[in-house]
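To keep things clear, I will list the structure first and then write my remarks on it.
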């Protein structure tokens, strides 16, 4: 069964890492605001959209296209989750796993999110709302990672 994960995560050095993983491998990514001279890869928070199904695409550009085609549904689902988390979440229980209701036929979707500190956990709804608000542009900006 194929798996696609869209992720957005904030590092302790204030860098943001966004990407698409297909079957356990990074297919596309973008890094923002990382000071490589003072890099600290420890995560402060993360949000993942996890998709699983037999008919999911297995290549980077096909996965990007599929995620964009599902964009309206995904954005609405993320906004729904964000509204449930308006007051935040408890950071001691990790991660929060939320099953996306009414996912596209043949696909199971869930959102996983976690924050390391109480203040970040209280603001997780803003993070999820931001993912929803900028869904299309962030998916479009992702690029295939350079391999060494």
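Since every read-out is calculated from the coordinates, none of them should be taken as a lab result. This is a predicted model, so every value here is computed, not measured. Don't worry about glycine lacking a Cβ; one is built from the backbone with ideal geometry, like all the others, and counts go over all protein chains shown.
How many residues are surrounded by 14 or more Cβ atoms within 10 Å (Cβ to Cβ) and closer than 20 Å to residue 23 by Cβ when one looks only at the range 69-103? Count: 4.
For the range 104-127, residues that are touching a residue at least 60 places away in the same chain (Cβ under 8 Å), surrounded by 14 or more Cβ atoms within 10 Å (Cβ to Cβ) and either within 14 Å of the chain's Cα centre (by Cα) or not in a helix (DSSP H, G or I) (or both) total 10. From the list 40, 14, the lone residue that is under 17 Å from residue 124 (Cα atoms), assigned to a loop (DSSP other than H, G, I, E, B) and out of contact with any helix residue (DSSP H, G or I) (no Cβ under 8 Å at 6 or more places or on another chain) is 14.
Does residue 4 count as assigned to a helix (DSSP H, G or I) and buried (at least 19 other Cβ atoms within 10 Å of the Cβ)? Give the derivation first.
Details: assigned to a helix (DSSP H, G or I): no; buried (at least 19 other Cβ atoms within 10 Å of the Cβ): yes.
For residue 4, the condition - assigned to a helix (DSSP H, G or I) and buried (at least 19 other Cβ atoms within 10 Å of the Cβ) - is not met.
Considering (1) in contact (Cβ under 8 Å) with a residue 40 or more places away in the chain; (2) in a loop (DSSP other than H, G, I, E, B); (3) out of contact with any helix residue (DSSP H, G or I) (no Cβ under 9 Å at 6 or more places or on another chain), the lone condition that residue 56 does not fulfil carries the number (3).
Any idea how many residues of the range 64-103 are assigned to a loop (DSSP other than H, G, I, E, B) and either touching a helix residue (DSSP H, G or I) at 6+ places or on another chain (Cβ under 6 Å) or touching a residue at least 60 places away in the same chain (Cβ under 8 Å) (or both)?
Within the range 64-103, the first condition is being assigned to a loop (DSSP other than H, G, I, E, B), and the residues that meet it are 70, 85-95, 100-103.
Within this subset, residues satisfying the condition of being either touching a helix residue (DSSP H, G or I) at 6+ places or on another chain (Cβ under 6 Å) or touching a residue at least 60 places away in the same chain (Cβ under 8 Å) (or both) are 85-86, 88-89, 91, 100.
Residues that pass the stated criteria total 6.
The C-beta contact set for the range 30-41 (first residue at negative phi and in contact (Cβ under 8 Å) with a residue 60 or more places away in the chain, second residue outside any strand (DSSP E or B) and surrounded by 10 or more Cβ atoms within 10 Å (Cβ to Cβ), distance under 6 angstrom, 6+ apart or interchain) comprises 30/141; 30/142. Scanning the range 45-52 turns up no residue that is part of a loop (DSSP other than H, G, I, E, B), out of contact with any helix residue (DSSP H, G or I) (no Cβ under 7 Å at 6 or more places or on another chain) and either within 25 Å of residue 89 (Cβ to Cβ) or free of Cβ contacts under 8 Å to residues at least 24 places away in the same chain (or both).
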